[in-house]
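Nothing in this text is a laboratory measurement; each read-out follows from the coordinates by a stated rule. Keep in mind it's a predicted model, so treat the numbers as computed, not measured. Cβ atoms come from the backbone with ideal geometry, glycine included; neighbour counts cover every protein chain shown.
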Amino acid sequence: MTDQRRVLRIGGENVPGLGTIEHGSIPRLDGFPGRRLSFDDPARGRMIEALANPVQRTRERESALSARNSARFEAGELAVALSHYDLGVIESVTDFPRGSRRSPKVGIVAERGKFLLKRRSLDRIQPDRLRLSHQVQTYLAGHGFPAPKLVPTRNRGSAWLQIREHVYELFEFVAGEPFRRTPEEARQAGLWLARFHGITESFESPLLAAAPRGDFHDAPGIRTGLYSIGHRLQSHESFMGHEAELPGLVDALLAAYDRAAEHANRAGLGALPERLIHGDWHPGNLVFRDGRVIGVIDYDAMRLSRRAMDIANGALQFSILAGGDPAEWPDALDLERFRAFLDGYAEEQSPAETERTCLVDLMIEALIGECVPQITRTGSLGGWSGFRVLKMVKRKVDWMQHHADRLA
């Protein structure tokens with residue numbers, strides 16, 4: 001009988017040890033949003049988030065600029081990295097264009113399951129922080145939390161692999177659905193955030209000393225960013241035609257940020273205890289199935305701060321109304337989802353009085369803080385001009401200020 005299997009070819013060369021691949025069509029990896037990645041194709045098409053964290057909305061863009069700015073895997077690099085894992089026969093490799101452009105990811109269908117391979121640049125990580133992240137994920141999983149399971153390397157059993165200037169992590173893939181913007185999903189998001197806080201409250205490790213600190217509250221960097229936009233980016237193409245209006249817009253956002261930070265400080269935010277927080281609790285980092293959370297991913301922003309930051313950011317992320325041109329986004333939040341998120345959280349953890357008092361102020365800080373850094377660096381955010389995004393932020397900040405009593 002003729003053997004219907006062949007060695008996988010990468011860049012025209014046979015690659016021993018990587019596994020074999022069936023002749024004929026290879027099934028697409030269910031749950032992966034990207035197309036199959038040809039080993040000879042740099043995967044120019046990718047889905048990018050229009051706004052990094054405040055909103056989960058993606059648009060497909062195919063442009064040479066996007067491709068040049070996005071890190072990607074090389075064929076031989078994939079072969080070497082995957083040879084360190086015991087995956088068996090590899091059936092397909094699929095581009096997974098989500099998250100940071102600087103940390104490319106691919107989905108893998110193999111004999112032993114479905115996996116997600118993530119690459120980081122060595123100069124952008126701190127080993128102790130990475131070890132802490134892995135410790136926390138293992139601790140969470142051991143307490144029934146739906147954290148992704150890390151796959152150890154074949155020989156050393158390490159949770160991460162270093163090859164030259166890159167670090168690789170391999171996770172078991174969790175197939176699910178995106179956030180459908182239902183109140184029940186928002187309630188689930190609040191519930192699992194509370195469970196995250198409850199489980200990590202008892203986590204102990206010497207590596208906690210390596211955890212970063214700092215957040216969007218009362219941050220000098222955000223004020224500096226706003227000042228820079230108003231005084232140094234007026235000539236950027238994103239603001240052309242709006243030079244006269246930009247200074248007033250920036251001043252209004254800076255005043256709103258200062259006012260919110262001052263209110264939160266007066267309410268006693270600084271007296272709340274520091275603890276581990278997720279730091280990036282938004283719809284893109286939760287995986288749903290049938291309206292329930294089945295996976296929580298991306299622990300890169302985890303830090304020591306106050307849980308009020310997670311609560312406020314989550315309440316904002318899961319209630320914001322968005323889609324299309326930011327100039328057309330509604331001013332209001334979805335109050336039903338907003339309340340559902342907080343109700344879900346309260347099922348497991350009771351927010352302190354200070355946390356409730358600071359909620360709206362921290363939501364305002366979170367929205368401004370999420371948009372400003374990227375606009376400061378590039379003049380735009382997710383393909384939208386910085387001016388249009390800042391105008392949208394100002395409208396939503398005004399709405400939250402005017403409806404603070406309803407949100408409290």
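For the peptides 257-265, 90-98, what is the packing order when you average, over each peptide's residues, the other Cβ atoms within 10 Å and list the highest mean first?
Taking the mean over residues of other Cβ atoms within 10 Å, the ranking is 90-98, 257-265.
When Lys and Arg each count +1 and Asp and Glu each count -1, what net charge do the other residues less than 13 Å away from Ser305, Cβ to Cβ, add up to?
Overall, the nearby charge balance is -2.
In whole Hz, with x marking every Gly and Pro, tabulate ³J(HN,Hα) for region 280-289 from phi via Karplus 6.51 cos²θ - 1.76 cosθ + 1.60, θ = phi - 60°.
8, 7, 9, x, x, 9, 10, 10, 10, 8
Among 345-353, 183-191, 75-83, 122-130, how do they line up from the highest to the lowest mean number of other beta-carbon atoms within 10 Å? Working shown, then result.
Working: 345-353: 15.4, 183-191: 23.0, 75-83: 19.0, 122-130: 13.1.
The peptides rank, most packed first, as 183-191, 75-83, 345-353, 122-130.
Suppose a student asked you for the relative contact order of region 268-369, using Cα pairs under 8 Å spaced at least 6 residues apart; what percent would you report?
Over region 268-369, the number comes to 28 percent.
Which whole-Hz ³J(HN,Hα) couplings does region 137-144 yield from phi under the Karplus relation 6.51 cos²θ - 1.76 cosθ + 1.60, θ = phi - 60°, glycine and proline marked x?
4, 5, 5, 4, 4, x, 10, x
Can you tally the net charge around Ala346? Count Lys and Arg as +1, Asp and Glu as -1, for every other residue whose Cβ sits under 12 Å from the Cβ of Ala346.
-1
With θ taken as phi - 60° and the coefficients 6.51, -1.76 and 1.60, list the Karplus ³J(HN,Hα) couplings across region 245-252 in order, rounded to whole Hz; mark glycine and proline as x.
With coefficients 6.51, -1.76 and 1.60, one gets 8, 4, x, x, 5, 5, 4, 5 Hz.
Please list, in chain and number order, the residues 5+ apart from Ile90 or on another chain whose amide H is under 5 Å from its amide H, with Hs placed from the backbone.
Amide H neighbours of Ile90, under 5 Å, 5+ apart: Thr20, Glu111.
Return the long-range amide H neighbours of His166 (sequence gap of 5 or more, or a different chain), with a cut-off of under 5 Å between placed amide H atoms.
Long-range HN contacts for His166: Leu122.
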